[in-house]
Amino acid sequence: MEEQTIIESPQQKSKGKGALALILGILLLGSLGSNYWLWDKEQKAIATATSKVDSLNDLSVLKDSLYKAINDEELKVFNLRTELSMYQNDNDSLRKIIEEKEAKIMSLRAMVGSGGSPKKLRALKDSISRLSMENNDFKTKVQTLLMENEDYKAKMLDQQNQIATLEGQKKNLSDKVTIAAEPSVGPVIVTPMYQKKGVYTPIYKAKKVERLQITFDVMGNKLTEKTVEKEYIIRVIDPDGIVLSTSNSKLSNSDDVFTAKQKVSFNGTQQKMKINFTQSPAYKKGKYKVELKEGEEVKQSFSFDLL
């Protein structure tokens, strides 16, 4: 058999190329549509992720701002507690208010820390804002109270100073009254005497003197209300500067040596004192000095001469 050769005409070739181009066009359009769909989906995914990231960032910023606001209010309350501690005791109503505010701050901090939706956090922000306003108002009231306390303390200090001044004046007056109530002594007089026919008579001849009569008055004082115990010391000093004494054989002129002592219970009425002093050795000629002392103070002095 002979093989037949098929020869395509130009029209048939043209139709084949057109179909191929159509198929390629359809495939290209399909590819473009698919690529666009993928690109659009990717863009939407990126936008969604970006939105979520921005939302998380905004949420984080909001939380940070809430924490900062809470810290600020916590510091205010702490400062208020510190101020009140200088004036208030543990049972004060103000202390209870401070404790309630601290508890509220702890609650808000816990609510912020637990997270939640932005709406919930914004509601917490409003709560913190109200707390801040309450704290500011409370702080104003506390400042007013503290100023009143300072004014009260100043008045109390002024009163205490006045009382201290009055107490000082009272003590001074009391000291003056005590001093004024003390007994005073009149002049001290020493009279040399000798005995004649059983009677002692004044004499100023040294060799005949037998004893010295010492007299003085404790003067009356109407201001004395209580009995006052006193002791008066008499020192008679001879011309040689020796203190006449029967209690010291050396007749030393020491300040501790005395001629006589007289104890007195003074009740405000005048009392006359009389002491007789006798010594064994003969009296010397010359000028004698006499001191009437109370403690270390010389109250009265006197002198006499023996010939």
Show me, for segment 298-307, the HN-Hα J-couplings you get by feeding each phi into the Karplus relation (A = 6.51, B = -1.76, C = 1.60, θ = phi - 60°), rounded to Hz, glycine and proline as x. 7, 8, 9, 9, 7, 8, 8, 10, 10, 9
Give me the Debye-computed log₁₀ of I(q)/I(0) at q = 0.11, 0.20 Å⁻¹ for segment 189-306, equal point scatterers on Cα only, no solvent, two decimals. -0.40, -1.10
Before anything else, pin down the relative contact order of segment 189-306: Cα pairs under 8 Å, at least 6 apart, normalised by residue count, whole percent. 31 percent
Theoretical FRET efficiency, 1/(1+(r/R0)^6), r = Cβ-Cβ of residue 156 and residue 75, R0 35 Å, to 0.05: 0.65
With respect to the cross-link table entries 263/293; 171/261; 222/261; 171/299; 104/153, which display a Cα-Cα separation exceeding 23 Å? 171/261; 222/261; 171/299; 104/153
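Mind ranking 219-232, 28-41 by how tightly packed they are, going by the mean number of other C-beta atoms within 10 angstrom, highest first?
Sorting 219-232, 28-41 by mean packing, highest first, produces 219-232, 28-41.
Any chance you could run the full-extension gain for residue 147 through residue 271? It's 0.36 nm times the residue separation minus the Cα-Cα distance, nm to one decimal.
Contour length minus the Cα-Cα distance gives 38.2 nm.
What net charge do the residues around residue 105 carry, taking every other residue with its C-beta under 9 Å from that of residue 105, with Lys and Arg at +1 and Asp and Glu at -1?
Local charge sum for residue 105: 0.
Bear in mind that the values in this text are calculations on the coordinates, not laboratory data. Note that the structure is predicted; figures quoted are calculated from it, not measured. Glycine gets a Cβ as well: all are built from the backbone with ideal geometry, and neighbour counts include every protein chain shown.
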